[in-house]
Each structure stands twice: as structure tokens, then as C-alpha cells.
Amino acid sequence: MIRRHIVRPAAIREIRDAVRYYEQQRPGLGHAFEETLDTVIVRILEHPTMYSRVHGEMRRALLHPFPYGVFYKLRGDVLYVVAVTHLARDPRVWQRRR
């Protein structure tokens, strides 16, 4: 059972950048991105092993309809959100994160 979750600083920056970008594209779209992210985080917390492993211990949940993924890993009863990144971005960026 997941007792808490930690969103790493790099992931927080990615979220802020995405919200800002989408809000510039269309007012309210940044908010929709945040709501979608919140929904996905809740699903991950409820069923952390439901999503596929994509690199070692790292798992990925998609933010449909946005082309983003939540990359996370589990350590005991803690969930670490390592990246929230555009799926076209070079995966080596988040793969180097611990």
C-alpha cells in the first residue's frame, strides 16, 4: 500500500512548463492538463503496479489526451514521480533521474 508520494523537483518544473504552454495555446487548457494529471496520479496511487515498466523499475502512465507520460517508481510504500514529460522528448533525460 502506498503511504505517500513525492514529486521530484524536475517533474514539478515539467508540470509547470506544460501547464503554462497549454494555457498559452488556449485559456483553460492548462487547467485541463492539471486535472488530467491529478486523475492519473490518483489512479497510480490506487493501483501502482497497474502500469507497465518501461525502463528498469520505472513505470509509465499516459495522460490521454495529452501526449505526456507520468514516469514513476515505487520504493517500499513510497511512490516517486520522477518525470512528467512529453512523449516525443528524448527518453534519456528522464532515464538518468533517480
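For this structure, a couple of remarks:
- Kirkwood-based Rg to Rh ratio, region 3-55, C-alpha trace: 1.04
- Pairs of alpha carbons in the chain whose separation is greater than 18 Å (percent): 42 percent
- GNM result for the chain, Cα springs below 10 Å: residue of ARG60, ARG26, ARG13 fluctuating most strongly: ARG26
- Look at THR85, THR36, THR49 and count the other Cβ atoms within 10 Å of each Cβ; fewest to most, that gives THR49, THR36, THR85.
- The slack in the chain from HIS64 to ASP38, taken as 0.36 nm per residue of separation less the alpha-carbon distance, amounts to 8.1 nm.
- Phi angles across region 70-81 convert, under the Karplus curve 6.51 cos²θ - 1.76 cosθ + 1.60 with θ = phi - 60°, into 3J(HN,Hα) values of 9, 9, 8, 9, 10, 9, x, 9, 10, 9, 10, 8 Hz, Gly and Pro given as x.
- Of all the options ALA18, ALA83, ALA32, the one that moves most in a Gaussian network model of the chain with Cα springs shorter than 10 angstrom is ALA32.
- When you restrict to C-alpha pairs under 8 Å that are six or more residues apart and normalise by the size of the chain, the relative contact order lands at 31 percent.
Where a number appears in this text, it was derived from the coordinates with a stated rule and is not lab data. Treat the numbers as computed from the prediction; the structure is a model and nothing was measured. Glycine also receives a Cβ, built like all others from the backbone with ideal geometry; neighbour counts cover every protein chain displayed.
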